[in-house]
Amino acid sequence: MPKKQAVDARKAAEEFRAVHDKIKAAVQEVIVGQEEVIEAVLAALFVGGHVLLEGVPGLGKTILVRSLGEAVEVAFSRIQFTPDMMPADIQGTSILVDADGGGHEVQFQQGPLVANLVLADEINRATPKTQSALLEAMQEKQISIGKRTIHLEEPYCVLATQNPVEQEGTYPLPEAQLDRFLFKVVVGYPKEEDYREILQRTTGNVESRASAVSHGKEILAMREIVRAVPVPEHAETYAIHLVMGTQPGSAFAPGIVEENVLLGSSPRGAQALILAAKVRALLAGRFAVTCEDIQDVAPDVLRHRVIINFQGQAEGFTPDDVVRELLDQVSVPVGV
Amino acid sequence: MSHEDDVMPAGEGTSRSTSMLEADLRMLASEAEGKLRERNYEIALRATLRPALNLGLLLLSLYVLLLLMGRAFGHGLFDYPLWLGLALGLGWPALLLVWRVSAALRQPIGRLQSLRALDEHLDLGERLQTAAEFLDCQRPAGSAIEVGFRQATLEDAAVAALAAKKRGLSLPSLPRSEVPPRLVWAFALLILLTFLLLPRIDATGTTIPIGDDGQGQAQADTEEDGTERDPLAMHQRPREDKEETPQVEAARLEPKRGSGSKEEPESSRQSKGSAGMGRPTESAGSSGASQSTGSPSNQAQTSKAGKASKKKQKKRKTKEEKKRKPNKARKEEESGSTVGKGAAGGSHRSPSASTWSSKDQVSSDEEEALEEEDEVDDETDEQEARGGVQPQLRDRRPPVNRDLSIGFGSGKNPDANGRGGPSEQKKSRGVASLVLGVPIPDHIKGHPNPGKTKITQEKVQPSAEDAPAIPAEARTPAKKAVGPMADPQMNPWMRELVRRYFLSLRSPVGKPGETRVPPSQPQIPKKD
């Protein structure tokens, strides 16, 4: 019997890798390069988390999310945040419509937040009031409007983007909302060899579109497989030590954290580390999480959960510096 | 198939493959543990060897130093027996080695640690360690697929264990020992020196001073070139010189003065200095601005010759003290100053030369012996030393009194010329004679062009000072807290403004407005 279970597990892992590869290939029909970004977005999709994409304009963030929506064949919506946007604009509101047989009635019109894949473009342009409207949707997968509660259909994933350049007229995301993102991925410029392909695809007559290769139910099944990956004790301990290492005053915090970090990661960071490491382990052909998997996902997971204080900013430290130092200082625990 | 049948009880290992895996892991762990313990022993030994040698070296040096001090002072206060020296020099380092190595051997090495070392060495992706943890795990079984994953992990670990049994754990060799060979040689030489010094101790245990055997004294007296080098003899010589009477001293110096006059023509030979190749001494010895001619220099020279004996009486320095200052003289010669030298001691040198030696000055050993002792102590000597350098002071007469007083003055002025020069009264003619005698000074009273500075000479020996080198250090983050800070909950735009300001200050390019972005981020494009 155990042997059969192992065989089924192996099959499930292979199926997961196959789905992952075909979705990635479909997205890469439109997006050139940016493999790390695509893998991070897919990992978040398979884990049930949300991603914050940060990059300058023109790097294909919006088209990436749109292509993912086309490849997975789920309801996709795009919200372009502006400073005058209200929560009702994204959640939905009651409107007065003509009733059959005359008269008027109030109907609830769902907002763009009600979808499977939500692209929140330039989320930092919205007011904190509007940004907070996303909090419940991202965490609870539901929207509460007055007495009405709308449960959002799974898979539900919010992919937000923000521009690091223009800071005037923007509202940086509060720490509470940042903590709800599984990853914060920095989108960089494409490589030199990718530019030619980008030009050929985007400046011709033919418009590239991603083909639908999966659907929502398959994504949910993949999520079950990911969550079933076991985590050995030493890997769990390592993830805990890493998260505690981001907290000033902790026994595992190195000097750079004590001096330059205002606020460290919450336990959500440890959850994110483990979940992301599970996806990594499956893609690497293993059936259990290792410390190496945790180290690979730590920068994307902890980058937005470490708040640098003024002293650190004056010294020029970035969260990436802190995470890098943390990975060097915190040793892998070894049991006896 | 019931759920209980599907679930494998963790830690019991019911299947044969699981039990075999457990046995393999146990064997691999024990083998790896032994090798790790050996490695720890080797690391501890290498890490302790150098400090142990240093300690032994220090203690043996101390012992040898005490032995030598005992000899120098000639009594047994610093006599220490051989066994104590060996105990200090060899015992403590050995104790240190034993202590460190035993601590390393006693360090516990767990099963998981051993398996992890195997995983890292064979690049097994933590399979062995994970399998061992899963076998020991007491956690309740999860879903079926999770159980399947655990079983799959164990199966992978079994394959990895077979590969590990074949290859085994072969730890890479440690780098070469950091103990420098010279440290070992120094230790050995010091031990040898200790044994060489020990026979000097006689049977009673007292030390034998160096001078008692009669051989050291003779060696100290004999010299290669016959000159005395014995410090004791050198100390005795000044006492002898002090007993000389001034007459004897003058008589002793007479030949030298004569030799000094004979050496007058020698002064006109070519100078040795690099600046004045081929120039005679008189011209080479003076500065360019105040270059004196030959005759005034000679005049000053002859007039000063008679004062040499007086100066010798004033400053009774012995030949030995002069000889003790050869380096001082060399430095003086290289100073290059050429102001008024050669005044004292009947020097034949050009009076334009100062007591500081000039490179261009011709000098002999005798002259140096006579002149090096002279110092410009008071103003008289200083002015004499200048000699004919300054024509304004050549006659050494005060400046002419040009006071124009009412009346006929107190006395006749020898410088009066009746033309309004240095005279008592100007003889006026014509309309000017009708003007009442009002004292109108025709020039400002004062010394003619005395200058703003007064040049004084003093002999200063340059002394070098040791300045410690400032080690270069990389700038590190602040070690201490900044202190009480205001509430950072300011407006987001203000916070970002502050952030950008500080980042621009820290920008490596140094241009204002440029922010430092991490390598993964693209450069911030400039706004139009």
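What to note about this one:
- Listed from fewest to most Cβ neighbours within 10 Å, the set B:101, A:206, B:147 follows the order A:206, B:101, B:147.
- Axial C-alpha extent at least 30 Å, average Kyte-Doolittle at least -1.0 - helices from chain A (DSSP): A:2-27
- Computed as a quarter of the hull surface, the mean projected area of the alpha carbon convex hull for region A:39-154 stands at 8.8 nm².
- Hydrodynamic radius of region A:229-336 per Kirkwood, over alpha carbon pairs, in Å: 13.8 Å
- Comparing mean-square fluctuations of A:82, A:93, A:203 from a GNM of chain A with C-alpha springs under 10 Å, the top value falls on A:203.
- Placing +1 on the Cβ of every Lys and Arg and -1 on the Cβ of every Asp and Glu, with nothing else charged, gives region A:229-336 a dipole about its Cα centre of roughly 420 debye.
- Ordered by the count of other Cβ atoms within 10 Å of each Cβ, fewest first, A:244, A:222, B:69, B:494 give B:494, B:69, A:244, A:222.
- Amide hydrogen proximity for residue A:92: with H placed 1.01 Å from N in the peptide plane, the residues at 5 or more positions away or on another chain lying under 5 Å are A:111.
- Under 13 Å, Cβ to Cβ, from residue A:190 - net charge with Lys/Arg +1 and Asp/Glu -1: -2
- Residues A:259, B:31, arranged from fewest to most other Cβ atoms within 10 angstrom of their Cβ, appear as B:31, A:259.
- Loop-located trypsin sites (Lys or Arg not before Pro) in region A:81-150 whose Cβ has at most 15 other Cβ within 10 Å (DSSP): A:141, A:147
- Alpha-carbon radius of gyration plus Dmax, which is the widest Cα pair, for chain A in Å: 21.3, 78
- With θ taken as phi - 60° and the Karplus curve 6.51 cos²θ - 1.76 cosθ + 1.60 applied, the whole-hertz 3J(HN,Hα) list for region A:90-96 is 10, 7, x, 8, 8, 10, 9 Hz, x standing for glycine and proline.
- Local electrostatic count at residue A:78 - Lys and Arg +1, Asp and Glu -1, tallied over other residues with Cβ under 15 Å: -1
- DSSP beta bridges in chain A [antiparallel fraction, %, rounded to 5]: 45 percent
- Based on C-alpha pairs under 8 angstrom that are at least 6 apart in sequence, chain A has a relative contact order of 20 percent.
- Residue-count net charge about residue B:41 - beta-carbon cut-off 13 Å; Lys, Arg +1, Asp, Glu -1: +3
- J(HN,Hα) series, region B:493-498, from Karplus relation 6.51 cos²θ - 1.76 cosθ + 1.60, nearest Hz, glycine and proline x: 5, 5, 4, 5, 5, 5
- Inter-part distance where region A:251-283 and region A:156-193 are each reduced to a Cα centre, Å: 18 Å
- Scanning residues 5 or more positions from residue A:261 or on other chains, those with amide H under 5 Å from its amide H are A:309, with H placed 1.01 Å from N in the peptide plane.
- For the cross-link pairs A:24/A:61; A:4/B:165; A:22/A:184; A:11/A:278; A:22/A:191, the ones whose C-alpha atoms lie over 18 Å apart are A:4/B:165; A:22/A:184; A:22/A:191.
FYI, it's all coordinate maths here, none of it is from the lab. Only a predicted model underlies this, so the values are computations on that prediction, with no experimental measurement involved. All Cβ positions, even for glycine, are placed from backbone atoms using ideal geometry, and neighbour counts span all protein chains on display.
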